[in-house]
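Working notes, structure below.
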Amino acid sequence: QVQLVESGGGLVQPGGSLRLSCAASGSIIRIYAMGWYRQAPGKQRELVANIPFRGTTDYADSVKGRFTISRDEANNTLYLQMSSLKPEDTAVYYCNAGLIASGYAYVNEYWGQGTQVTVSS
């Protein structure tokens, strides 16, 4: 069984910073692309940033220059460093991973349970 567990969310003032983490655990053979998505109240879930197994990272235009995605492949952990936060960044942030789990011969997509980020004064 595979689990993605996010942490690091919370309340922060505009202009502040937060670092989100996502730990993948379970019978994982290999993780391919990983990413962060977010969903604000009344809005659709949107891609924030994506990092492939090999290749360049990709960011939503709204977070370019402010957020940095990274991953620790040895520990199956994904990070999102968020700086210069704005009220419009308020959302539930979800971790996503495409991976092959034990007993499977193909890539499945997994999601974390989400962590709330609130930017407010």
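Worth pointing out:
- Area of Y110 that stays accessible when all protein chains are in place (1.4 Å probe, Å², to 10): 50
- Placed amide H near I28: partners under 5 Å, 5+ positions off or other chain: S102
- Here the chain carries DSSP beta bridges of which approximately 95% are antiparallel, counting only pairs with both residues inside.
- Counted without the sites themselves, the longest stretch of the chain free of trypsin sites (Lys or Arg not before Pro) in a DSSP loop having at most 12 other beta carbon atoms within 10 Å is 65-121.
- Using a cutoff of 8 angstrom between alpha carbon atoms and counting only pairs six or more residues apart, the relative contact order for the chain works out to 37 percent.
- The stretch 7-121 - accessible surface per residue (Å², probe 1.4 Å): 53
- For the stretch 10-79, applying the loop criterion from DSSP together with a ceiling of 14 other beta carbons within 10 Å to the chymotrypsin sites (Phe, Trp or Tyr not before Pro) yields F53.
The values are calculated or read from the model by the stated rules, or taken from the named source; none is laboratory data. Fair warning: this is a prediction, and the values are worked out from it, not measured in the lab. Reconstructed Cβ throughout: ideal geometry from the backbone, glycine too, with neighbour counts over all protein chains shown. For accessibility, only protein heavy atoms count, side chains too; no ligands or nucleic acids. Shrake-Rupley method; radii C 1.70, N 1.55, O 1.52, S 1.80 Å.
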